[in-house]
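Take a look at the structure below.
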Amino acid sequence: MLAVLRGSAVNSDGASNGLTAPNGPAQQRVIRQALADAGLTAGQVDAVEAHGTGTTLGDPIEAQALLATYGQDRERPLWLGSVKSNLGHTQAAAGVAGLLKMVQALRHGVLPPTLHVDAPTPHVDWSAGAVRLLTEPTPWQPRDGEPRRFGISAFGISGTNAHAVLEAPPTDPGSPVGPVSSVGSVPADDPAVRPRSVPATLPFPLAGQTAQALRAQADRLRVALRAGPDPTDVDVAYSLATTRAALDHRAVVVAADRDGLLRGLDALADDRPSARLVRGVPAGGGDGLAYLFTGQGSQRTGMGLALHDAFDAYAEAFDAVCDRLDAHLDRPIRDVLRDDPVALDRTEYAQPALFAVEVAQFRLLESWGVRPARIAGHSIGELAAAHVAGVLDLDDATALVAARGRLMQAVRRPGAMAAVEATAEELRPLLDGHAAAVGLAAVNAPRACVVSGDPDQVHRISTHFRELGRKVRALRVSHAFHSPHLDAVLADYRRVAERLRYAPPEIPLVSTVTGAPLTAEQATDPAYWVRQLREPVRFLDAVRRLHADGATTYLEIGPDGVLSGLAEQCVGVAGVPVLRDQRPEVAALMGAVGHLHVNGVRVDWAALFAGTGARRTPLPTYAFQRRRFWPGAGDGTAEAVAHWRYRIGWRALPESTPIRPAGTWLVLQDGPDPLVDLMVAEGIGVLAATELPGPARLAAAGPIAGVLSLLPPD
């Protein structure tokens, strides 16, 4: 960014002052209008690039207009110059030539002199205002707290006047920047924090005003990267993210190396799908972002450890959670996560581990400026959601989570669970009469429910729906969650819950117990959290409520994509998981961040790249999509429309001999005229009249050779 257009104005006064002659009052008006449009006073502008016709007519008029406007009520004089002293008269390019000059002056911190000035013109009263001619190079020093500013005047044929006010960009350091760098380059950053590491996979965001422009942008970038010089991948990613506008058509290439980046750019430029590529148009933005915190069953060995190694914000949050959980567990949760898949499937460890991973994911995204408008959680996921929403602080939340897992693990009654392709209404008759043995554990989608309880009852219900051709999947669990089996531990769980402190949620939290937003009264009532352990998870109702409240983008917080597909079944919008099983964690995370970005969620890219040592590097500028409005040579239309065009041409009149009037002429006049006397002397017949003669008089005069009117035009 070289300069900011602060304000401008155009007017015309050609009708009152002729085709080309300048008009002083009109020039004053256009300057005042431009200053008003900029929201500035004349004293806040340092210099003006004058139109500068170089004529004894134009220059005094322009100088007087500047004295009357910019020259008043200012502490420092206005510096006045014109590029025409360097180039000659620039005609229609007068304004843009002045703009180029002044932008360069801004970058170098020097106001260049106007050449060939022997002395200010004596036809201007220079004492009428604080305006000084630039007769020598002048350092352009900024004023305290104000960016350097300049005005540009340009005047055209038929009395058109234009004036613009520009200023240094927000990044202007207030001092000369030295030699101008190459086109498209920007100053290198010097991060205060030296790099900890560069993520194994990086996001490369691109954008265009249209889908065609986005593809063209990818094409320009791939050509430039293949041609060299060769900037580092992290510098390319950082520069794409922080030095380019996030226009409406967006894409993010997720790549671990240059080959992957080029393959992703090839797919985007050629309009092909790719696993490396996320594309979209913003819809809903941050106000439409909802987080879904997943529940038990998604845990896996090593989940989140790659994020722990790659990102400080994740590591700090995860370690803080684990330190508090370890006070309630008989084994460090980190050890279980790393290398004990058998223990990790035990509820007493699975639920604390999921809580730690989900809270750390939330804090990492929060450090990058990503914050949801609404949240919901599935079973243990609702406790993670409650903590990040502020219902429970970290000490109380980890105490409740650890107690939840320990007490559920302590249930001695054998249990089973099954996911069934059925509606809640279809299940209800099969549950009636068996309330002590089996129950509805979750309603995850319109035709996706979970039954939980005694193994024989779960088997009976599963067999019924298999015989109907429905999908049924037995869940790998040791206990029957959200079923009558948990009634035995509710009293102990209540005693833990009643010792804790609660607060109303600071982020809107939709309850999966009620399917409605969690109220302050519910959030602070221990009885609600006891119900949350025992009652069915109404995920379908919760997602539908999120959608009704404006959610358009769903991000699944957890180790895998369990809830993302269910969200699509609920409201037709698929969620995107932060992590995916069998995919490198950093790559999955960057893909999720790319999904948020292309859907309009603001990402603080500078924060994401902090600590990587990334620096800005020159990149191809925007791939403008140009459209011609005038036919050109060779396009088959020039000849067809040639007769439409207006031309100015000069041709010599042929030699002619005077023709002497003859006969009788009717001369209309309102008094004596010497021309009539001359006509009579030359023997030309004259029928003089101060008004049109009647028919009889005209008939008496004989044939009329012509009519000459000497009357006023009206």
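The values are calculated or read from the model by the stated rules, or taken from the named source; none is laboratory data. Not measured: the values here are computed from a predicted model. So basically every Cβ, Gly included, is an ideal-geometry build from the backbone, and we count neighbours across all protein chains shown. Please note that ligands, DNA and RNA were not included when accessible areas were found on the heavy atoms of the full protein model with its side chains. Shrake-Rupley method; radii C 1.70, N 1.55, O 1.52, S 1.80 Å.
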Residue match in the range 391-402 (condition: part of a loop (DSSP other than H, G, I, E, B) and either of a type in the set (Ser, Thr, Tyr) or within 30 Å of PRO446 (Cβ to Cβ) (or both))
yes
Conditions (1) open to solvent by 10 Å² or more (accessible area, probe 1.4 Å); (2) on the phi > 0 side of the Ramachandran plot -> GLN457 fails only (2)
Scope the range 19-42; condition open to solvent by 20 Å² or more (accessible area, probe 1.4 Å), under 27 Å from LEU115 (Cα atoms) and in a helix (DSSP H, G or I); matching residues:
GLN28
Pairs, first in contact (Cβ under 8 Å) with a residue 40 or more places away in the chain in the range 315-326, second in a helix (DSSP H, G or I) and of a type in the set (Lys, Arg), C-beta under 7 Å, six or more apart:
ALA317/ARG363
Within the range 509-529, restricting attention to residues that are open to solvent by 10 Å² or more (accessible area, probe 1.4 Å) and outside any loop (DSSP other than H, G, I, E, B), which residue is farthest from LEU392 (Cα to Cα)?
PRO517
Cβ-Cβ under 8 Å pairs, at least 6 apart or on other chains, the range 554-578 side more than 11 Å from PHE293 (Cβ to Cβ), far side of a type in the set (Phe, Trp, Tyr) and not in a strand (DSSP E or B)
LEU566/PHE539; CYS570/PHE539
Meets criteria (over 17 Å from TYR528 (Cα atoms), in contact with a Phe, Trp or Tyr (Cβ under 9 Å, 6 or more places away or on another chain) and in a helix (DSSP H, G or I)) for ALA350
no
Whichever residue in the range 570-587 is outside any helix (DSSP H, G or I) and of a type in the set (Gly, Ala, Ser) and, among such residues, is surrounded by the most Cβ atoms within 10 Å (Cβ to Cβ)
GLY575
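So is GLY304 touching a Pro at 6+ places or on another chain (Cβ under 9 Å), under 30 Å from THR210 (Cβ atoms) and in contact (Cβ under 8 Å) with a residue 24 or more places away in the chain or not? Please lay out each step first, then the result.
Values: touching a Pro at 6+ places or on another chain (Cβ under 9 Å): yes; under 30 Å from THR210 (Cβ atoms): no; in contact (Cβ under 8 Å) with a residue 24 or more places away in the chain: yes.
Answer is no for this residue.
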Looking only at residues in the range 277-295 that are part of a loop (DSSP other than H, G, I, E, B) and crowded, with 23+ Cβ neighbours inside 10 Å, which one is modelled with the lowest pLDDT?
GLY295
Residue tally, condition surrounded by fewer than 19 Cβ atoms within 10 Å (Cβ to Cβ) and touching a Leu at 6+ places or on another chain (Cβ under 8 Å), over the range 398-427:
1
Select from the range 660-714 the residues that are part of a loop (DSSP other than H, G, I, E, B) and open to solvent by 70 Å² or more (accessible area, probe 1.4 Å) and list them in ascending order.
ARG660, ASP670, PRO672, GLU682, THR690, GLU691, LEU692, PRO703, LEU711, PRO712, PRO713, ASP714
Scan the range 73-87 and tell me whether some residue there is under 20 Å from GLY159 (Cα atoms) and free of Cβ contacts under 8 Å to residues at least 12 places away in the same chain.
no
